[in-house]
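Reading through the structure tokens given below for one structure.
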Amino acid sequence: MGMFGENFTTEGLSEDTVFLGDRFAVGSAEVVVTQPRLPCYKLGIRFESDEMVKHFLATARTGFYLAVTREGAVAGRNEIALADREPNSVPVAEITRLFVAKKYSTDDIASAKRTFSIAALPDSWKDYFRERLERVRA
């Protein structure tokens, strides 16, 4: 049972195997992965723990948001099948790690730069990584 307002609860899709921009067929609908789901302070309130947000991030199982690219009928137990993957995309887990990382390695910089070409990633996330990369160069 979902506890955080999920629309889909899945098996076999994890943050390290799902990439930003991945397109999935579900029933007769199609969805695209847009961004990681990040915990907010309300999670701590819900579980009455100031450490819950840190714990949630440490699990690396934050989930991810999907946008509907083709409306259709979806039912419980529908298979969620990968329909397409962008060639230069980045796993959801890596984006989450980059978002909270204090320092960037050379590989991190390359991954952050790759986010700019991912059409499904919202501009606010791209702006965040641009600002982070500008601070690295400064």
Any helices (runs of 4 or more DSSP H) falling wholly within the stretch 1-112 and containing at least 3 residues that are of a type in the set (Val, Ile, Thr), modelled with pLDDT of 80 or more and under 23 Å from Leu133 (Cβ atoms): 92-100
Lone unmet requirement of (1) under 13 Å from the mean Cα position of the chain (by Cα); (2) at pLDDT 95 or above; (3) within 16 Å of Val18 (Cβ to Cβ) for Pro122: (3)
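The values are calculated or read from the model by the stated rules, or taken from the named source; none is laboratory data. Note that the structure is a prediction, hence the values are computed from the model and not measured. In this analysis, Cβ positions are derived from the backbone assuming ideal geometry, glycine residues included, and neighbour counts consider all displayed protein chains.
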